[in-house]
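Participant: My questions will all concern the structure given below.
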Amino acid sequence: MTDNPLNLGLESRKEAPPFVIFIFGVTGDLTARKLMPALFSLYLKGMTRFKVVGFARRDWGTDGLRERARGMIEEVPGASDEQRETFLGRLEYLQSTFEDPAGYARMSEYAEGYANRIYYLSTPPDSYRDIIDQLGRHGHGEQAGGFTRILIEKPFGRDFASAQELNQLLARYFTEGQIFRIDHYLGKETVQNIMLLRFGNGMFEPIWNSNYVDHIQITVAEKIGVGTRGGYFEGAGTLRDMVQNHMFQLLSLTTMEPPNDLSAQSIRNEKVKAMQAVRPITFRDINEHAVRAQYDEGIVDGAPVPAYRDEDRVSPDSRTETYVALRLFLDTWRWSGVPIFLRSGKRLLRKVSEISVHFREPPRQLFTNRHPAMNRNTLIIRIQPDEGITLNMNAKIPGHTTDMRPVNMDFAYGSTFGEATLEAYERLLYDAILGDATLYPRRDEIESSWAFITRVLEGWRRDSSPIPTYMPGSSGPEEARRLIASSNRKWRKL
Ligand code: BG6
């Protein structure tokens, strides 16, 4: 270990090996918001033997990249001026288009002295093909005396066929062990805790099944609209943007069987089994199981906000959904007959990501109808904000009464552990540098979630009825309320 070992709060963390990371699309928004701050933060924690090469088309030059990166790391706390300058000194810029073979031929010169190489694809997805092909043709997939890894941002494909095609292209030049597909939800501490909560405690797993669980809800709600990302979002929609990846990851972690051990292989085996068990929605009954909607114009925090169709770079007759609700079933022994409700949308009442497991009611004969306030016991895993876990149960109201009302038992990450949780990208980058793929979805996971999603997309494509709308700042469309009400349940309050 060095004098300044990485302290990521993880016992098994090793020292990072020296490496060079090429960031394709370094001029983009993700580098500024996430990658550069994450790399700098890792540097501050002791990861010192590395070099960053920005690969992009614009005429920035190394000085230009360093200058801009200074702003990108400005808000990372706890750094001296000297540390900032040393870090910036590690950055270099390789100017090239993504199609030009000459750019790829020059990469070796930039990687001089580094046997370990990482390629980070943070470009619009229509450049992936060129970049992967060029990397492969120039022999950059090969591993000689060190490792070579490729990290790919979402969206990973736009349907089953294109995801499969991208996987095939990657497989031509890289082994599965070299490929790291990013889903930043897996970098979140609270998402990793789902598995530990389930399998690190004796009391949950015995009741984590259809004998005791009435239903499950998974919510990823956002308050913001599409903002400046209208161009991207218009071609994606919530089903592709949030459900195929983030929500399906939450779904598989919540419903999977216990893995044989904590290796990446075992965990991914169980996750993929859960995804493969999701019952396909047929075209015929799509409207019974899936709701899509778009936000209308309205008022948020006292200010007018435009309808989705009036957003920048969005078609005025767009049929792209900004909200999705689904009712799913997993055809497994454990989850037989248990409905799982998923909802995600933009411009909703507030930002909240959570998983709630709603347990069956106790027999009511002791209480009859005098206790309409009696709730189903609910375990709520709060992914964000306000990270923690809540157990909702019924308790007697004090006094001369047998009346009850629901009360909460709370665990909050902030007050219990008293330290900020690691930023998702920091954790994910570090894992990739160490070669730990546990928090990266495997090829078959991606393809099985796309297999399900593609049927829904196809069902919607065939349906020309008007897209429902919902008010900004609301809990979603009336159609979503009806979807869950038809199963005699209701959504948790946002
Ligand atoms: C991204 C989506 O993957 O996740 C965005 O492309 C969305 O549309 C974002 O806003 C939400 O992430 P988080 O971490 O803020 O919940």
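Participant: Could you list, in sequence order, all residues of region 390-434 that are out of contact with any strand residue (DSSP E or B) (no Cβ under 7 Å at 6 or more places or on another chain), touching a residue at least 60 places away in the same chain (Cβ under 8 Å) and not acidic (Asp, Glu)?
Facilitator: Thr421, Leu422, Ala424, Tyr425, Arg427, Leu428, Leu429, Tyr430, Leu434
Participant: For Glu270, which of the numbered conditions (1) under 27 Å from Asp444 (Cβ atoms); (2) without any contact (Cβ under 8 Å) to a residue 12 or more places away in the chain fails to hold?
Facilitator: Only one criterion in (1) under 27 Å from Asp444 (Cβ atoms); (2) without any contact (Cβ under 8 Å) to a residue 12 or more places away in the chain is unmet by Glu270, namely (2).
Participant: Further question: Would you check if Gln249 is over 20 Å from Leu379 (Cα atoms), assigned to a helix (DSSP H, G or I), polar (S, T, N, Q) and in contact with a helix residue (DSSP H, G or I) (Cβ under 7 Å, 6 or more places away or on another chain)? Lay out the reasoning, then the answer.
Facilitator: Details: over 20 Å from Leu379 (Cα atoms): no; assigned to a helix (DSSP H, G or I): yes; polar (S, T, N, Q): yes; in contact with a helix residue (DSSP H, G or I) (Cβ under 7 Å, 6 or more places away or on another chain): yes.
In short, no.
Participant: Please verify whether region 27-49 includes one or more residues that are at pLDDT 95 or above and not in a helix (DSSP H, G or I).
Facilitator: Checking region 27-49: not a single residue is at pLDDT 95 or above and not in a helix (DSSP H, G or I).
Participant: Take region 135-171 and flag every residue that is among the acidic types (Asp, Glu) and under 19 Å from the mean Cα position of the chain (by Cα).
Facilitator: Quick first cut of region 135-171, residues among the acidic types (Asp, Glu) only: 142, 153, 159, 165.
Once the filter is applied, which keeps residues that are among the acidic types (Asp, Glu) and under 19 Å from the mean Cα position of the chain (by Cα), region 135-171 yields Glu153, Asp159.
Participant: Does Ala144 satisfy the criteria of being modelled with pLDDT of 95 or more and either touching a strand residue (DSSP E or B) at 6+ places or on another chain (Cβ under 8 Å) or outside the structural domain of Glu354 (by TED's automatic domain parsing) (or both)? Walk me through it before giving the result.
Facilitator: Working: modelled with pLDDT of 95 or more: no; either touching a strand residue (DSSP E or B) at 6+ places or on another chain (Cβ under 8 Å) or outside the structural domain of Glu354 (by TED's automatic domain parsing) (or both): yes.
No.
Participant: Right, here's the next one. If a residue has to be of a type in the set (Ser, Thr, Tyr) and surrounded by 18 or more Cβ atoms within 10 Å (Cβ to Cβ) to count, how many in region 190-215 make the cut?
Facilitator: The first filter runs over region 190-215 and keeps only residues of a type in the set (Ser, Thr, Tyr), leaving 190, 210, 212.
Adding the requirement that they be surrounded by 18 or more Cβ atoms within 10 Å (Cβ to Cβ) leaves 190.
Summing the residues that are of a type in the set (Ser, Thr, Tyr) and surrounded by 18 or more Cβ atoms within 10 Å (Cβ to Cβ) in region 190-215 gives 1.
Participant: While we're looking at this one, here's another question. Mind listing whichever residues of region 440-464 are at pLDDT 95 or above and assigned to a loop (DSSP other than H, G, I, E, B)?
Facilitator: Passing the criteria: Tyr440, Pro441, Arg442.
Participant: Going by the conditions given, is Arg58 open to solvent by 40 Å² or more (accessible area, probe 1.4 Å) and either farther than 30 Å from Phe417 by Cβ or at pLDDT below 95 (or both)?
Facilitator: Working: open to solvent by 40 Å² or more (accessible area, probe 1.4 Å): yes; either farther than 30 Å from Phe417 by Cβ or at pLDDT below 95 (or both): yes.
Taking the combined requirement at face value, the residue satisfies it.
Participant: Here's something else I'd like to know. If I ask for residues that are aliphatic (A, V, I, L, M), over 16 Å from the mean Cα position of the chain (by Cα) and surrounded by 13 or more Cβ atoms within 10 Å (Cβ to Cβ), which ones from region 398-429 would you list?
Facilitator: Kept after step one, since they are aliphatic (A, V, I, L, M), are these residues of region 398-429: 404, 407, 409, 412, 420, 422, 424, 428-429.
Now restrict to residues that are over 16 Å from the mean Cα position of the chain (by Cα): 404, 407, 409, 412, 420.
Once the filter is applied, which keeps residues that are aliphatic (A, V, I, L, M), over 16 Å from the mean Cα position of the chain (by Cα) and surrounded by 13 or more Cβ atoms within 10 Å (Cβ to Cβ), region 398-429 yields Met404, Val407, Ala412.
Participant: Within region 217-231, does at least one residue satisfy the condition of being open to solvent by 20 Å² or more (accessible area, probe 1.4 Å), away from the ligand (no atom under 16 Å from the Cβ) and not basic (Lys, Arg)? Even if it seems obvious, please write down each step before you answer.
Facilitator: Quick first cut of region 217-231, residues open to solvent by 20 Å² or more (accessible area, probe 1.4 Å) only: 222-224, 227-229, 231.
Those left that are additionally away from the ligand (no atom under 16 Å from the Cβ): none.
The answer is no; no qualifying residue exists.
Participant: On to the next question. Any chance you could count how many residues in region 94-115 are open to solvent by 10 Å² or more (accessible area, probe 1.4 Å) and not in a loop (DSSP other than H, G, I, E, B)?
Facilitator: Of the residues in region 94-115, 7 are open to solvent by 10 Å² or more (accessible area, probe 1.4 Å) and not in a loop (DSSP other than H, G, I, E, B).
Participant: Do we have Lys351 as over 29 Å from Asp29 (Cβ atoms) and either open to solvent by 60 Å² or more (accessible area, probe 1.4 Å) or among the hydroxyl-bearing types (Ser, Thr, Tyr) (or both) here?
Facilitator: Working: over 29 Å from Asp29 (Cβ atoms): no; either open to solvent by 60 Å² or more (accessible area, probe 1.4 Å) or among the hydroxyl-bearing types (Ser, Thr, Tyr) (or both): yes.
Considered against the rule, which asks whether it is over 29 Å from Asp29 (Cβ atoms) and either open to solvent by 60 Å² or more (accessible area, probe 1.4 Å) or among the hydroxyl-bearing types (Ser, Thr, Tyr) (or both), Lys351 comes out as no.
Participant: With respect to Arg149, is the statement that it is more than 16 Å from the ligand (Cβ to nearest atom), among the charged types (D, E, K, R) and touching a residue at least 60 places away in the same chain (Cβ under 8 Å) true?
Facilitator: Values: more than 16 Å from the ligand (Cβ to nearest atom): yes; among the charged types (D, E, K, R): yes; touching a residue at least 60 places away in the same chain (Cβ under 8 Å): yes.
The answer is yes for Arg149.
Participant: Is it the case that region 331-341 has a residue that's farther than 30 Å from Ala395 by Cα and open to solvent by less than 10 Å² (accessible area, probe 1.4 Å)?
Facilitator: If we filter region 331-341 for residues that are farther than 30 Å from Ala395 by Cα, which is where we start, we get 331-333, 336.
From what is left, the residues that are open to solvent by less than 10 Å² (accessible area, probe 1.4 Å) are none.
Scanning region 331-341, I find no residue that is farther than 30 Å from Ala395 by Cα and open to solvent by less than 10 Å² (accessible area, probe 1.4 Å), so the answer is no.
Table: residues versus (1) in the same structural domain as Gln143 (by TED's automatic domain parsing); (2) farther than 30 Å from Tyr120 by Cα; (3) buried (at least 19 other Cβ atoms within 10 Å of the Cβ).
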position: Gly435; (1), (2), (3): no, no, no
position: Ser449; (1), (2), (3): no, no, yes
position: Ile453; (1), (2), (3): no, no, yes
position: Arg462; (1), (2), (3): no, yes, no
position: Pro468; (1), (2), (3): no, yes, no
position: Met471; (1), (2), (3): no, yes, no
position: Ser474; (1), (2), (3): no, yes, no
position: Glu478; (1), (2), (3): no, yes, no
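Participant: Hey, any hits in region 177-184 for a residue that's without any contact (Cβ under 8 Å) to a residue 12 or more places away in the chain, more than 13 Å from the ligand (Cβ to nearest atom) and either surrounded by 18 or more Cβ atoms within 10 Å (Cβ to Cβ) or closer than 27 Å to Ala432 by Cα (or both)? Talk me through it step by step, then tell me what you get.
Facilitator: We begin by selecting, within region 177-184, every residue without any contact (Cβ under 8 Å) to a residue 12 or more places away in the chain; these are none.
So far as region 177-184 goes, no, none of its residues is without any contact (Cβ under 8 Å) to a residue 12 or more places away in the chain, more than 13 Å from the ligand (Cβ to nearest atom) and either surrounded by 18 or more Cβ atoms within 10 Å (Cβ to Cβ) or closer than 27 Å to Ala432 by Cα (or both).
The values are calculated or read from the model by the stated rules, or taken from the named source; none is laboratory data. Only a predicted model underlies this, so the values are computations on that prediction, with no experimental measurement involved. All Cβ positions, glycine included, derive from the backbone under ideal geometry; neighbour counts span all protein chains shown. The protein model used for the area step is the full one, side chains on, heavy atoms only, and it has no ligands, DNA or RNA in it. Shrake-Rupley method; radii C 1.70, N 1.55, O 1.52, S 1.80 Å.
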